[in-house]
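Scroll down for the structure; my scribbles are underneath it.
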Amino acid sequence: MNRRTLLAAPALLAPFSVSAQSQTEALGRVEAYFNAMTTLRARFLQVSQGGGSAEGTAWIWRPSRMRFEYDPPEPTLLIAADNQFFHYDRELRQPTVVPLSSTPLSVLLRSPLRLAGDVTVAGVERGQGLLSVTIFRTAAPSEGRITLILEDNPMVLRQWVVVDAQGRSTRVTLTQIETGQRFDPFLFAFNDPRFREQLEQR
């Protein structure tokens, strides 16, 4: 499949109509949803703008930790922890590490999440039982943006779309969502030498 810079999935969700609901109320509900979340585990389907797709398992442990493990034959492993974003290609045995704050996905891992100040809300839309919020870092609008797509009632994160600095979009859809589980911290320990040894043995 095609190589991607971040995460995504297929256009499963219908277009949104402009919301008649107050933007302030909608953003307050989104903030409350994420700030009440500690852990989330789900299957994901990622689709890139060029049509490449991949599946895998996602773990999110707020604040600051995330792991995306792709199903074979896709060799990619993505981990966020310790304010860093770790990308590993198992075929090339090549790691890349960048600051977590430089990726639009960092918004998902903030605690508390505040959709104001250093985060700019570019749009809020609602329709067909779904709510979408498009945001970017106020200080770095050129690095990309993320659109969060949630079921409206009850509120559940179902999808997001990342548009990177080059304008390429990647869509991720979540299924089989479980929240409130306990995770092994070692899932996110890419700075631990034992973790690197484990990767090299696969």
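Descriptive notes on the structure:
- Checked across the stretch 88-107, the condition of being in a loop (DSSP other than H, G, I, E, B), buried (at least 19 other Cβ atoms within 10 Å of the Cβ) and touching a Phe, Trp or Tyr at 6+ places or on another chain (Cβ under 7 Å) holds for at least one residue.
- Condition met for V133 (buried (at least 17 other Cβ atoms within 10 Å of the Cβ), touching a Gly at 6+ places or on another chain (Cβ under 8 Å) and aliphatic (A, V, I, L, M)): yes
- E55 assigned to a loop (DSSP other than H, G, I, E, B) and out of contact with any Phe, Trp or Tyr (no Cβ under 6 Å at 6 or more places or on another chain): no
- Output for the stretch 108-149, where each listed residue is assigned to a strand (DSSP E or B) and within 19 Å of L40 (Cβ to Cβ): L130, L131, S132, V133, I135, I146, T147, L148, I149
- Residues of the stretch 169-190 satisfying the condition of being of a type in the set (F, W, Y), buried (at least 16 other Cβ atoms within 10 Å of the Cβ) and not in a loop (DSSP other than H, G, I, E, B): F188
Rule-based calculations on the coordinates, nothing more; no lab input. Keep in mind it's a predicted model, so treat the numbers as computed, not measured. Using ideal geometry, Cβ is built from the backbone for each residue, glycine included, and neighbour counts are taken over all protein chains shown.
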